[in-house]
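Each remark here refers to the structure printed beneath this line.
Taken together, the values in this text are just the output of simple stated rules run on the coordinates, not laboratory data. Everything numeric in this text was worked out from a predicted model, so none of it was measured. With ideal geometry, Cβ positions are generated from the backbone for all residues, glycine too; neighbour counts draw on all protein chains shown.
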Amino acid sequence: MNQGQTIFSQIISYVPKYSFDSCVKKYRGNYKVQSFTYWEQFLVMAFTQLTYRESLRDIETCFRAMQNKLLNNNNPYSRYQKVQA
């Protein structure tokens, strides 16, 4: 059983969140965002790129298949499920 971080979270740990947040703030990226922030969108899109998803249907199928893992682990992707519902 895995006791450490997933490979994806290890890769994302190299992305400087402060720099990302400063760019979003500079260009007012989260203006009028209700629930799905740019950081969460970035995480979802990075995940789909790393898992070679080819279409929106493929992305949705992947997240629906992993629904239990996403909702139970306080994952940032769990909001994707809430937005889709």
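Just checking, does the stretch 32-44 include any residue being charged (D, E, K, R), in contact (Cβ under 8 Å) with a residue 40 or more places away in the chain and touching a Phe, Trp or Tyr at 6+ places or on another chain (Cβ under 9 Å)? Talk me through it step by step, then tell me what you get.
Looking only at the stretch 32-44, we keep the residues that are charged (D, E, K, R), and these are 32, 40.
Add one more test, that the residue is in contact (Cβ under 8 Å) with a residue 40 or more places away in the chain, and what stays is 40.
Then drop every residue that is not touching a Phe, Trp or Tyr at 6+ places or on another chain (Cβ under 9 Å), which leaves 40.
For the stretch 32-44, residues charged (D, E, K, R), in contact (Cβ under 8 Å) with a residue 40 or more places away in the chain and touching a Phe, Trp or Tyr at 6+ places or on another chain (Cβ under 9 Å): present.
Across the stretch 1-13, which residue is nearest to residue 51 (Cα to Cα) among those that are in a loop (DSSP other than H, G, I, E, B) and under 15 Å from the mean Cα position of the chain (by Cα)?
So the first thing to find is which residues in the stretch 1-13 are in a loop (DSSP other than H, G, I, E, B), and the list is 1-6, 13.
Subsequent filtering for residues that are under 15 Å from the mean Cα position of the chain (by Cα) retains 6, 13.
On the way: 6: 14, 13: 17 Å.
Top of the filtered list is 6.
What's the number of the only condition in (1) surrounded by 14 or more Cβ atoms within 10 Å (Cβ to Cβ); (2) over 13 Å from the mean Cα position of the chain (by Cα) that residue 38 fails to meet?
(2) is the only condition that residue 38 fails.
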